[in-house]
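Values quoted throughout were computed directly from the atomic coordinates according to the rules given, and no laboratory measurement underlies them. The model shown is predicted, which means the values in this text are computed figures rather than measured ones. Reconstructed Cβ throughout: ideal geometry from the backbone, glycine too, with neighbour counts over all protein chains shown.
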Amino acid sequence: MSPAVLVAGALVFMMALPLPASQPALPTADDPVLEARLNELAVDLRCVVCQNESLAESRASLALDLRAEIRGMMRNGLTDEQVLESLVARYGDFVLYRPPVKPLTYALWGGPFVFLLIGIGLAAATLHRRRSMPEPEAVSPEALRQAARLLRTDPVSPAGQAPDVPGTPRPPLQQER
Amino acid sequence: MRRWIPLAVVVALGAFLYLGLYLNPKEVPSPLVGHTAPDFTLPVVGRPGETFSPADVRGEVWLLNIWAPWCSICLKEHRVFRDLIGDDVPVYGLTWKDLDREAAPLLARNGSPYVKAVDDVDGRVAIRYGVTVTPETFVIDHQGVIRMKHVGPITPQVWEQKFRPVLRGLRP
Amino acid sequence: MIPELGQFVVILALVVALIQGTLPLLGAQRGDERLMALARPLAQAQFTLLLLAFSALAWSFLTHDFSVKNVAQNSFSQLPAIYRFTATWGSHEGSLLLWTVILAGWSAAVAVFSRQLPQEMVARVLAVLGLVSVGFLALLVFTSNPFERLFPIPADGRDLNPLLQDAGMISHPPLLYMGYVGFSVAFAFAIAALLSGRLDAAWARWSRPWTTTAWTFLTLGVALGSWWAYRELGWGGWWFWDPTENASLMPWLAGTALIHALAATEKRGVFSNWSVLLAIATFSLSLLGTFLVRSGVLSSVHAFAVDPTRGLFILVFLGLVIGGSMTLYALRAPRMVAGGSFAWFSRESLLLANNVFLIAALGAVLLGTLYPLFLDALGLGKISVGPQYFNAVFVPLVAPALFLVGIGPLARWKKASLPDLMWRLKWAFGVALVTAALLPLTLDGMNLQVTLGLFLALWILFTVIKGFAQRLQHAGPDRWRQLLRLPRAFWGMQLAHAGLAILVVGVTMVSNYETERDVRMPIGSHVELAGYRFVFHGVEEVPGPNYLAGRATMEITSPHGRSFMLYPEKRNYDASGAIMTQAAVHYGLFRDVYISLGDPLGDGVWTVRVYHKPFVGWLWAGALLLAMGGGLAAADPRYRMVLRRRRVPDAEPALASAAAPEVR
């Protein structure tokens, strides 16, 4: 075949293609499966030199090195747990964004639910007290009038009328236990 | 009594925040302290063909200093090594990610503060030592166990207050 | 000259604040009218002075006065004018000045809009605000002078942090501070109430509009911060549980609890001690946030520069304000249980439950944020507490609160009937549950998280509609006119709750159905994601005002065949040399398409990350609705009607209507 035919053939071939030659983009990693695994793990790892970023987000040079290191470990057949273990052995628990549950972190993991229990306890006590309070009829018309007087606020009128002069009795209701 | 609980909580929080002011959130204690220093064999900077490994200095107390030619604080720290530490204890250097190959000419020009400096060009050994920033310095004992790690430059004060007591404890 | 003038004016403002913080308080204790009358003019004077100081600093920035250290460090000759102006609050010093201006602004607003309040109350409130101002102005004058000069004068500035050169940053800090500082008004009302020994429905009524307004601003501020992070940090996240974000979320949670507690205090006179404690706590958490961001005790993506002296100063101030007010609370909070009784199932009990969950959630955020510090301070080592922790503990605590949003507004005060309510809400519950269970099946299979999120969102939406319907059931034919005539407070509440539902939809959908691809793209290559096709047309150099950008041209074709262009950039800032990823976003009602340009690999090949984020915009739309609801509720004419009521001496509607089922 002569070169001319070749060129012509190539031209025809090229024109047959739509112009934005749609070749699919390549994945960034040579091994997309491993990379996906790495990315999943990296979200849970702190970039130790950054202010507060995960290894997945950071583009710091040490973060890239660490990703390369983890990639290497994964290629050598280490499980995710083994990878985490070996990172913790070098950088400590600091590298883990999900703090491991151990005696030092019991308060961290249990705290929120202790708060909730305390809250529920206090609320239950309040409810109990409120329920056993005198019935609404017991709020005397006098108390209502007094409350209304306290609510009436009038800076323009003479001072003597202002309800908040020290010593004004508060509506006597119920003693706290 | 219950009405004082909020104040108690505030006081306790305040105490922690006060302590927190004098802590450095970036200084992370190394879990390697008390463990055998990770092994490696790396070429020595400026001496083609020669390598160094921690096994070579087994039986000695030595310092491993992580540095890089592009780290200006490290270069300042070199002066401290030269003037202060001198013959007290041997200092070995781990040259971190010297991608531009500047370490050898630099050490030749300024005079090396190290007995030997090794070349960790891809930073893999540094990662095994849990290095985060330069400079960092490890104190390694006769058995090859890491006894201390210091993050940041060694100043004369740091040397007196932090290193000397540890080194004294390691001497028979 | 102008910077010196600014500095002088700040010192003058400090003196004014000192007088404002002491004399009116003395006057209120002694019943001295003349001393009390000083409060209003002093508050206004302080605001004028600080506005002047702020203008002086803004002027220095706008006119490139690099002899001012602050300008030299945070501006640049080529920085566009709008960012030169926002750079005024881009540094620690400048933002502190903004903080004091806003505080003085709130004080001046209290001085103007409190004509119906007793003089003694006004005097105490303004004095407390004055004392808070003293602390911040002293911090400004003694540790963080924004007008400090520099010699020799540098030829050019070091430029504003490129992260802050973004539309989101123009309004985020002012709005956030409006919120933080706005809670100082609620705080001042609480302290004034403690001082006068009067913690009653009137106090709650006075503080409510102020609290709601501050909450509205804080909501907007937090939302804008999140939107900024989404656009600017370059990896498309919208909430990172970073200490800085937590610092703004904590007062928001406390403020939300406060708004609900105050409702019960105002309507029924109950929970007054709790409300006062919450008011103090909310502002304290705002102050704590300032401390955390400025002292360097926690490491965060976007904190200010670290300085232990400054940190110590803020901490001492914090200790005085919070410790002082908590001591006052312990000494002065009434020992009486005020207000009437209520049943175990009633509007009151539901508001109480709402507070329990919100405060537990707040506790969880506080614990997670400070736990690393606790361990470190005790010498127990360093740990990190990341999003995984917060998501795990926050969601279970907030989900019940969201469920209650559906019930609370429909329950009667004092005593509600659970069986009756269950009967009335059976359809809302059933339809929400079935829809939420089936919808994920049509997407990609069973997903309990999605079911939970969508159920809560639909449940809230249905009960909001039910709330309107219930209001109008006896309305008759002119139902629509009646709808518009419902009280603004009611509209505000409903709108805010609907906004919450929208926000929950956004969070649920984007967290579960977001997809992304990370690829190497030669020129002309394409990548497909969620039915979209992205074609890469290469990167060209485009100069910006103060940076040089590598700008990629991406052509995107949607599943429906519509195409549009996006231009993500990699910017190299001239002055700082900082390299920034400027993501490009195509906003949509049901999805955002988000592209982040990575690194060049040579031969025109670049790494590119493309994201498809379904419903992400609903996050901010929901937050906007929340804020609109807050604004509407705060603007309810009810709060301004006190003067007119003077003529009706006896029946105070708030108490008389105690048994009425609805908001008013």
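With a simple spin-label model that places each label point 7 Å from the Cα along the Cα-to-Cβ direction, the separation between B:ARG82 and C:MET1 comes to 5.3 nm. Backbone N atoms of segment C:615-634 closer than 15 Å to the 7 Å Cα→Cβ label point of C:PHE468 belong to residues C:629.
Taking the inverse of the mean reciprocal distance over all distinct Cα pairs, the Kirkwood hydrodynamic radius of segment C:508-628 comes to 15.3 Å.
In terms of its C-alpha gyration tensor, chain C has an oblate overall shape, because the principal axis ratio a/c (a ≥ b ≥ c, square roots of the eigenvalues) is not below 1.5 and a/b does not outweigh b/c.
Going from the residue with the fewest nearby Cβ atoms within 10 Å to the one with the most, A:SER61, C:SER284, C:SER275, A:SER86 rank A:SER61, A:SER86, C:SER284, C:SER275. Please work out whether the protein assembly as shown counts as rounded, prolate or oblate from its C-alpha gyration tensor, where a ≥ b ≥ c are the square roots of the eigenvalues and a/c under 1.5 means rounded, while otherwise a/b larger than b/c means prolate and anything else oblate? In terms of gyration-tensor shape, prolate. Exceedance of the 28 Å cut-off in Cα-Cα distance is limited, within the set B:LYS97/C:LYS570; C:LYS382/C:LYS570; B:LYS76/B:LYS162; B:LYS97/B:LYS149; A:LYS102/B:LYS149, to C:LYS382/C:LYS570. Annotation for segment C:554-598: trypsin sites (Lys or Arg not before Pro) lying in DSSP loop with at most 13 further Cβ atoms inside 10 Å of their Cβ are C:ARG562. The calculated FRET efficiency for A:LEU78 paired with C:LEU51, based on their beta-carbon distance and R0 = 60 Å, is about 0.45. Comparing C:GLY225, C:LEU57, C:GLY476 along the charge dipole axis of chain C, the residue lying farthest to the positive side is C:GLY476, per the Cβ-charge model. Spin-label model, C:GLU541/B:TRP4: points 7 Å from Cα along the beta carbon direction are separated by 7.1 nm.
Say R0 is 35 Å: what FRET efficiency, to the nearest 0.05, do C:ARG30 and A:SER132 get from their beta-carbon distance?
Numbers: r = 42 Å, r/R0 = 1.21.
Efficiency at R0 = 35 Å is approximately 0.25.
According to the square roots a ≥ b ≥ c of the eigenvalues of the Cα gyration tensor, what is the shape class of segment B:27-170, taking rounded for a/c under 1.5, prolate for a/b larger than b/c otherwise, and oblate for the remainder? Verdict is rounded for segment B:27-170. Our summary gives chain C a relative contact order of 12 percent, counting only alpha carbon pairs under 8 angstrom and 6 or more residues apart.
Here's how it looks for B:GLY144: its modeled amide H is under 5 Å from those of B:GLY59, which are all 5 or more places away or on a different chain. A simple charge model with +1 on the Cβ of Lys and Arg, -1 on the Cβ of Asp and Glu and nothing else charged puts the dipole of the protein assembly as shown at about 4420 debye relative to its Cα centre. DSSP beta bridges confined to chain B are antiparallel in about 60 percent of cases.
With neighbours defined as other Cβ atoms within 10 Å of a residue's Cβ, the residues C:TRP99, C:TRP239, B:TRP96 order from fewest to most as C:TRP239, C:TRP99, B:TRP96. With a Förster radius of 45 Å applied to the C-beta separation of B:GLU50 and C:THR553, the computed FRET efficiency comes to 0.30. Working from label points 7 Å from Cα in the Cα-to-Cβ sense, the C:ALA138 to C:PHE151 distance is 3.0 nm. Put in line by how crowded their Cβ is, counting other Cβ atoms within 10 Å and starting with the fewest, A:VAL33, B:VAL151 read A:VAL33, B:VAL151.
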